[in-house]
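Novice: Before we start, here is the structure in question, set down as structure tokens.
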Amino acid sequence: MTRDTDRDLELLWEQFHATVNMTSAELRSWLLTSASGEDAFTPDPDLDLDELGRGVLHVLGKRRTDLTREDVEVMSKVVDLVGEWAAGRPAPGGPDGAAWRHRLMSIGHDPLKER
């Protein structure tokens, strides 16, 4: 890797970890809860998890030096999506507030959680 690429990766790593404010345990619990739905769990609950949410869990369990190209793509996508979705915050108490928060939580960002 070049020096610029190393610096870009370091910045993305920092942005990702500043953006994802849920622990891996919190995110996994949330994903399993939201995946359970009315039909409860399948024999393999991981199969029902949101793909991007699973990617976030995977990255949270890694060291920066062990990242793959796919991990970098997940981190970049999450940083971009949280920025985009957070900007579209519905009015407080509005009917879409819970759905908005749940969508953000599915990729590791709880907008109500303080860091």
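The values are calculated or read from the model by the stated rules, or taken from the named source; none is laboratory data. Nothing here was measured: the structure is a model prediction, and the numbers come from that model. All Cβ positions, glycine included, derive from the backbone under ideal geometry; neighbour counts span all protein chains shown.
Novice: For residues in segment 84-112 being within 14 Å of the chain's Cα centre (by Cα) and free of Cβ contacts under 8 Å to residues at least 12 places away in the same chain, which is farthest from D50 (Cα to Cα)?
Specialist: Checking each candidate, the answer is E84.
Novice: For segment 68-115: of the residues being under 21 Å from R28 (Cα atoms) and among the basic types (K, R), which is surrounded by the most Cβ atoms within 10 Å (Cβ to Cβ)?
Specialist: Among those residues, the one meeting the criterion is R101.
Novice: Related question: Can you tell me which of (1) modelled with pLDDT of 95 or more; (2) small (G, A, S); (3) outside any loop (DSSP other than H, G, I, E, B) is the one G108 doesn't meet?
Specialist: Of the numbered conditions (1) modelled with pLDDT of 95 or more; (2) small (G, A, S); (3) outside any loop (DSSP other than H, G, I, E, B), the odd one out for G108 is (3).
Novice: While we're on this one: So, in segment 19-50, exactly how many residues are at pLDDT 90 or above and either surrounded by fewer than 12 Cβ atoms within 10 Å (Cβ to Cβ) or not in a helix (DSSP H, G or I) (or both)?
Specialist: Residues of segment 19-50 that are at pLDDT 90 or above, as a first pass: 19-31.
Narrowing further to those that are either surrounded by fewer than 12 Cβ atoms within 10 Å (Cβ to Cβ) or not in a helix (DSSP H, G or I) (or both): 20-23, 25.
Residues meeting the conditions: 5.
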